[in-house]
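Working notes, structure below.
The values are calculated or read from the model by the stated rules, or taken from the named source; none is laboratory data. All values derive from a computational prediction rather than experimental measurement. Note: ideal-geometry Cβ built from the backbone for every residue, glycine included; neighbour counts use all protein chains shown.
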Amino acid sequence: MSLLWSVVEAIWFFLPAMLPNTSAAIFGGGPALDFGTMWKGRRVLGDGKTWKGLAVGIASGVLLGYLEGVVALPAGAPLTRVYPLSLSILPAILALSAGSMLGDIAGAFVKRRRGLERGASVPILDQYDFAAGALLLVYLASPAVAVRFLFGGEALAGLAVVLLVIYPLHRLINYIGYRKGLKSVPW
Ligand code: CTP
Ligand code: MG
């Protein structure tokens, strides 16, 4: 298999982790995950992490994984190897979606502990919290699948490209969200 193809597979595999945060920003709102609870004089997570955002975010990632399986089906596209339309891949898709939301929540937790208000910018943490959560959870939930598409052999080149692409993509999407009034800050 070519290196380029490994990169395509890794990106295709990681997409269900890329969508949830954007869905949460568009459809989130309502009661906060921490219900306003304070810890040591600060919010545990803050109003930027909501139940609706979490639910819609995870659901959107899982749906995307499923649709990827559907889209790749015609002509027996080799990409169906990444997301076959079978329940066997569900733990991996769920782990990527939920992991990306949990990583973002963990990032907010760290920011609040450092005394930073909602929306404060922390370079690297803001761009990579979701990816770290997704990578960790998918490895724990489906190690063989995670190694096959991200963590082993030629797939490592794919992982490197995914990590490289995330930074500018995250900046761009958040800038668009800011311009469209979905976010109060452009990061
Ligand atoms: N969001 C949500 N629920 C989540 C995650 C995100 O409702 N679980 C929504 C919130 O409206 C949030 C927006 O998505 O403001 C953008 O997310 P993010 O940039 O991560 O949040 P910030 O507002 O920057 O807050 P924080 O400093 O806590 O990361
Ligand atoms: Mg964040």
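Please go through the range 156-187 and give me each residue that is more than 19 Å from S100 (Cα to Cα) and away from ligand 2 (no atom under 16 Å from the Cβ), ordered by number. Even if it seems obvious, please write down each step before you answer.
At the first step, the residues of the range 156-187 found to be more than 19 Å from S100 (Cα to Cα) are 156-157, 175-176, 178-182, 184-186.
Once the filter is applied, which keeps residues that are more than 19 Å from S100 (Cα to Cα) and away from ligand 2 (no atom under 16 Å from the Cβ), the range 156-187 yields L156, A157, R179, K180, G181.
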(request) Taking the options G46, G57, G28, G41, name whichever one is surrounded by 14 or more Cβ atoms within 10 Å (Cβ to Cβ) and at positive phi. (result) G46
(message) So P91 ticks every box in (1) at pLDDT below 95; (2) under 20 Å from G69 (Cα atoms) but one. Which box is left unticked?
(response) (1)
(request) For the range 52-78, name all the residues that are of a type outside the set (G, A, S), touching a Leu at 6+ places or on another chain (Cβ under 9 Å) and away from ligand 2 (no atom under 16 Å from the Cβ). (result) V62, L63, L64, Y66, E68, V70, V71, L73
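Residue by residue, here is whether (1) part of a helix (DSSP H, G or I); (2) within 11 Å of ligand 1 (Cβ to nearest atom) holds:
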residue: I26; (1), (2): yes, yes
residue: G30; (1), (2): no, yes
residue: D34; (1), (2): no, yes
residue: L45; (1), (2): no, yes
residue: G48; (1), (2): no, yes
residue: L54; (1), (2): yes, yes
residue: G57; (1), (2): yes, yes
residue: V62; (1), (2): yes, no
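Of all residues being part of a helix (DSSP H, G or I) and of a type in the set (S, T, Y) in the range 123-155, which is farthest from ligand 2 (Cβ to nearest atom)? Just the residue, please.
Y139
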(request) Mind counting the residues in the range 106-122 that are in a helix (DSSP H, G or I) and within 12 Å of ligand 2 (Cβ to nearest atom)? (result) 7
(request) Please find, within the range 73-92, the residue that is surrounded by the most Cβ atoms within 10 Å (Cβ to Cβ) out of those that are among the β-branched types (V, I, T) and in contact (Cβ under 8 Å) with a residue 12 or more places away in the chain. (result) V82
(message) Filter the range 156-187 down to the residues that are under 19 Å from the mean Cα position of the chain (by Cα), part of a loop (DSSP other than H, G, I, E, B) and not basic (K, R) and list them by number.
(response) L182, P186, W187
(request) May I ask you to say which residue of I26, I11 is away from ligand 2 (no atom under 14 Å from the Cβ) and under 30 Å from R81 (Cα atoms)? (result) I11
(message) Quick check on this structure: which one of A155, A146, A132 is among the small types (G, A, S), within 16 Å of ligand 1 (Cβ to nearest atom) and buried (at least 17 other Cβ atoms within 10 Å of the Cβ)?
(response) A132
